[in-house]
Amino acid sequence: MSRGDGIWMSRNAAVDDAAAVLGSAWVGRNHRLDAQVTIVGPAVFWDRNSDEGYSSDSLNSGPGKPTLGASRSRFSEKQPIYVLGKRAFDLTFAFVGLCLTLPFYPLLMLMIWIEDGGPFFFGQRREGRDGREFRCWKLRSMRKDAEQMQGELKSVNQADGPQFYMQNDPRLTCIGALLRKFNLDELPQFWNVLKGDMSVVGPRPSPHRENQFCPEWREARLSVRPGITGLWQVKRTRRPGCDFQEWVQFDTEYVDRAGWRLDLWIIACTILNLLKRGGQ
């Protein structure tokens, strides 16, 4: 739930009205922050056991390598049949997905070439499970100078966290906007799934610079393979000032609740969302 001043928190968390809040923060279960606390966001106070008190160590800020402690143990407690079955499902789903979509590649590549030439694919370094870097592939949907333009557009960034988002991004090409609308730009990620870098369902793959904002959140999301689709993608609202908090909330919720029922529900929601876009 939201307190209305940039603070998002669990129902059994409490933040004193006199606490200094500078930026946005997520306050997890069993946290009670008193009037002397200063919160500099974006920040996350991780869920705590009921017998634990507040500790300034729970304020997530600053860089560092993931330790993969509590979150790794939470996910490893899942039944082995789910962990092994999920990989088998990923391989089958990605193989079928590649076979069904490969015939469309020549047409999509031709459309990209006619508008903006090559290259046809864009690969960005992202962090996967255990913080291992891999190249996440997409069909190119932006201008060739998109990364340079992002620096010039920082002042109009509509996202409240480390990511960059604009509703009408001028870096998108015309064919790129079409690819993005139906998520066709992400088709090459089936190859990432086959290689074992990604899963069909999981947290959004992010580069190292984004994962440095909140070490505890990073620890959770890097304890599993990132996904082509995920809980954040199907449940986010894009409400101003809430995107980063929702990102943290839904990523950590997925790690805690990961299972067949949730995975299949996310896939179904993703398909329904794509069908709705096609009808617009």
If you go through the stretch 178-218, how many residues are charged (D, E, K, R), under 13 Å from the mean Cα position of the chain (by Cα) and either buried (at least 22 other Cβ atoms within 10 Å of the Cβ) or outside any helix (DSSP H, G or I) (or both)?
2
Just the residues that are touching a strand residue (DSSP E or B) at 6+ places or on another chain (Cβ under 9 Å) and among the small types (Gly, Ala, Ser), please, taken from the stretch 161-195.
GLY176
Exception for LYS154 within (1) surrounded by 15 or more Cβ atoms within 10 Å (Cβ to Cβ); (2) free of Cβ contacts under 8 Å to residues at least 60 places away in the same chain; (3) more than 27 Å from GLY278 (Cα to Cα) falls at (1)
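Quick one: would you say THR101 is assigned to a helix (DSSP H, G or I) and either surrounded by 13 or more Cβ atoms within 10 Å (Cβ to Cβ) or not assigned by TED's automatic domain parsing to the domain that holds ALA220 (or both)?
Answer is yes for this residue.
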Scanning the stretch 118-151 for residues that are of a type in the set (Gly, Ala, Ser) and out of contact with any Asp or Glu (no Cβ under 6 Å at 6 or more places or on another chain), the one surrounded by the fewest Cβ atoms within 10 Å (Cβ to Cβ) turns out to be GLY151
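Yes/no matrix, rows are residues, columns are (1) basic (Lys, Arg); (2) in a loop (DSSP other than H, G, I, E, B); (3) modelled with pLDDT under 80:
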site	(1), (2), (3)
LYS138	yes, no, no
MET149	no, no, no
ASP160	no, yes, yes
PHE164	no, yes, yes
Looking at (1) surrounded by fewer than 22 Cβ atoms within 10 Å (Cβ to Cβ); (2) modelled with pLDDT under 85, which is the only condition GLN233 fails?
(2)
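The values are calculated or read from the model by the stated rules, or taken from the named source; none is laboratory data. Worth saying up front: this structure is predicted, and the values here are computed from it rather than measured. Cβ sites come from the backbone with ideal geometry, for glycine too, and all protein chains shown count toward neighbours.
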